[in-house]
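First up is the structure itself, then whatever we jot down about it.
The values are calculated or read from the model by the stated rules, or taken from the named source; none is laboratory data. The structure presented is a predicted model; accordingly, all values stated were derived computationally and were not measured. Virtual Cβ from ideal backbone geometry, glycine too; neighbours counted across all protein chains shown. Side chains included, ligands, DNA and RNA excluded: accessible areas come from the protein's heavy atoms. Shrake-Rupley method; radii C 1.70, N 1.55, O 1.52, S 1.80 Å.
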Amino acid sequence: MNKIKLSILFTAVAILPAFSQINDLVKTPPMGWNSWNVFHENINENQIKEIADVMVSSGMKDAGYIYLNLDDNWMAKTRNANGDLQADPTRFPSGMKALGDYIHNKGLKFGIYGDRGVRTCHHYNNSNQFPNSGSGSYMKEERDAKTFASWGVDYLKYDNCEPAPGSNQRQDYERMRDALLKSGRDIVFSICAWGYQDWMPKTGNLWRTTGDISNAWEAKPGDWFRGVADIIEENEKLYIHAGPGKWNDPDMLQVGNGKLTMDESRSHMTMWAMMAAPLLTGNDLRKMTPEIKDIYMNAEMIAVNQDSAGIAGHRVSNENGKQIWIRYLGSQNSGNIAVALYNKNNTTQTIDLNFADIGITGEVSVRDIWQKKDLGLLKTSLSAEVPAHGTTFLRLTTKLDPAERFGDNAIAIPGKLETENYDKGSAGLAYSDAEVENQGNAFREGGVDVVGLNCAAVAEGTFLKSSDCEGFAIGYTNVGEWMRYTVNIAKTQTYYVVARVSSGSENSSFLLFLNDKAVTDTIKIPQGADWDTYTTVSVTSQEMTAGEQALKLQITGSYVNVDWLYFCEEENCADTIKTAIHAGVNNQNLELMSQVKVSEFNVFSITGKHLGRIHFDGSMLSNIISKNDAFANEMKQAGYTNGVYIVRAVKGDKALKIVVKE
């Protein structure tokens, strides 16, 4: 029996509250208008007042679009004699306070733009015109926050240009966060740093997840700007970070700016609604056509976007450019689900939705949101003809099978939690699995994949039973997957959590939630030699409330195997845990594969995407090093191009990294 070395590092972690728990703003995604997409730097006072007027007269304000946000270049070429920011005197002769009052008198909220660096983006990119503008807020955060508050600012978009030499991005944003909290006014803080980082939910109310959006469906190759379709792909994996008061921001809307087709425009709005993204229009509202207005003001689309639960949608299927997304409305067990059937292809496609694949049973009431039409009661599935770059946007109402504990009793905390024993019930209530196919081949045939540890050989096509292996782990995990566990917590306190894990990836991680509230920071997994070399990591939880609760393990970085979690009351619980460790898989490799004569392997990309299967004669694997090369050659013969792959035995948990090269 293989023994593993117990290596536990305890780290005390100070878990800061999310910024949204401090300022209590934007509990649903902010809605409004921003000047940049249509006017860029060419903004002036009269123009902004006219936009405010039409936001009211068109009905946009009543529909929920309440923030009127000025983007870059509202400011003068220099600060005033006191060092304060000031409005450009030619384009904004009345000043920002008067403009803010005008906006507020319309029943709207006033948003403005700043930068964490020396100058704002427009000033930096046009340095010859603005050589010493000092328009950035670096080391002037408290001064500028007080200025914004005195003008009645309600929303600050804070950009990322011209960082000061030696500055630190995170610290720059944290200083402005603190300055806003001291300003005496509630101001929404929108981080615009062009990509998500773990510190952002503790710092802002929303954060840009990508580079700037362009007025195009797809960006040109090598372009820093992103098309609508590009942003959908980049933003999807971050859905777990969104929630009331803390939102992923995939950038402002391009609907109505003349480049997107109507189908693309509806897809743009659908996917922003599904992703619980801010709806900040970027068109000239004074020239809005009835068709564009109908897209922006579709009340059912807005209701999905503004759902109070704040559970962002995510993709559950992606086959040949035909995608299925779901978003739980109200709660994960409400039976109300928004569904987007999204076609990335350049031709019309039929997209089929089997209700069982998203955990739905029984009769389902279906409504088409864009057609504003009930499609009736359906029982098993539906199909839609979806135009190129189009989306069918549906609201499904049904009764889901509730989650219930896996065993006779709730899992006791403190104590050991075996990850394969997640609750029984519907997808979306007991678990979320990114791929319907069961790749783990272990005893749970549905749900998140379970892999066996040190298993006996079984017949082809046979599922591993609990008696076939020394243990089991959660495996084949992808970002966004999660498992729910019914636990019984002995007393209210913080706990020391130790996890037995393995990963051959450098970006694997997970989070723990209690009743949908995060109780740990992101737990990052060290990269090992392969997925069969297990180690332990530890973290200190937030306070966990006594009684029977729902614990959720959420995968935040593919591709991690999790064997078990152990919850301790005392900080140094290594001795306690030793008694709970079963013999683990350690340094498994092709030599062990040869012992069980494995002949079929799953092949994955280094990011965890399943690429197919390959057959290889296990009896040939007598010499590990030379046969690694032989395996790589076999993959080349099968058509795999140069690159790094992960291969895993179809039966069992043997896996390693293979490099295919010339």
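Work from the charge dipole of segment 370-421 (Cβ charges, +1 for Lys and Arg, -1 for Asp and Glu, about the Cα centre) and give the residue of Ala403, Leu377, Gly415 farthest towards its positive end. Most positive-ward Cα: Leu377. What does the net charge come to around Thr380 if you take all other residues with beta carbon closer than 14 Å to its beta carbon, with K and R at +1 and D and E at -1? Every neighbour counted, the sum reads -2.
Taking a cut-off of 17 Å, what percent of all Cα-Cα pairs in segment 65-113 are separated by more than that? Result: 36 percent of Cα pairs exceed 17 Å. With θ taken as phi - 60° and the Karplus curve 6.51 cos²θ - 1.76 cosθ + 1.60 applied, the whole-hertz 3J(HN,Hα) list for segment 59-64 is x, 4, 4, 5, 7, x Hz, x standing for glycine and proline.
Once both labels are positioned 7 Å from their Cα atoms along Cα-to-Cβ, the gap between Asn642 and Ser383 label points is 4.4 nm. The mean of 1/r over all distinct Cα pairs in segment 114-247, once inverted, gives the Kirkwood hydrodynamic radius of 15.8 Å. Its residues counted as N, segment 343-417 yields a C-alpha radius of gyration over 2.2 N^0.38 Å of 1.61. In segment 27-175, a dipole from Cβ-located charges (positive for Lys and Arg, negative for Asp and Glu) runs towards its positive end, and of Pro29, Ser57, Gln129 it is Pro29 whose Cα lies farthest in that direction. The antiparallel fraction among DSSP beta bridges confined to segment 158-298 stands at about 10%. In this Cβ point-charge picture (+1 for Lys and Arg, -1 for Asp and Glu), segment 116-214 has a dipole of about 140 debye about its Cα centre. When segment 203-345 is described by a simple charge dipole with +1 on each Lys and Arg Cβ and -1 on each Asp and Glu Cβ, the residue from Tyr239, Ala219, Gly330 located farthest towards its positive end is Gly330.
Can you classify segment 55-184 as rounded, prolate or oblate using the Cα gyration tensor, where a ≥ b ≥ c are the square roots of its eigenvalues, rounded means a/c under 1.5, and otherwise it's prolate if a/b beats b/c and oblate if not? Numbers along the way, then the final one.
Values: a/c = 1.85, a/b = 1.50, b/c = 1.23.
Prolate, since a/c reaches 1.5 and a/b exceeds b/c.
Expressed as a whole percent, the accessible area of segment 124-260 that falls on carbon and sulfur atoms is 45 (1.4 Å probe).
Expressed as a whole number of Å, what is the distance separating the alpha-carbon centroids of segment 77-144 and segment 276-310? Answer, in whole Å: 28. Accessible surface comparison of Arg185, Arg226, Arg143, probe 1.4 Å, protein chains only, largest first: the order is Arg143, Arg185, Arg226. Karplus-derived 3J(HN,Hα) values for segment 374-387, using 6.51 cos²θ - 1.76 cosθ + 1.60 with θ = phi - 60°, are 6, 9, x, 9, 10, 10, 10, 6, 8, 10, 9, 8, 10, x Hz; glycine and proline are entered as x.
Cα centroid separation, segment 506-545 to segment 364-403: 36 Å. Which of the three applies to segment 287-401, rounded, prolate or oblate, going by the alpha-carbon gyration tensor with a ≥ b ≥ c and a/c under 1.5 meaning rounded? Oblate. Computed over protein heavy atoms with a 1.4 Å probe, the accessible surface of segment 118-230 works out to 40 Å² per residue. The charge dipole of segment 291-336, taken about the Cα centre with unit charges on the Cβ atoms of Lys, Arg (+1) and Asp, Glu (-1), comes to about 160 debye, rounded to the nearest 20.
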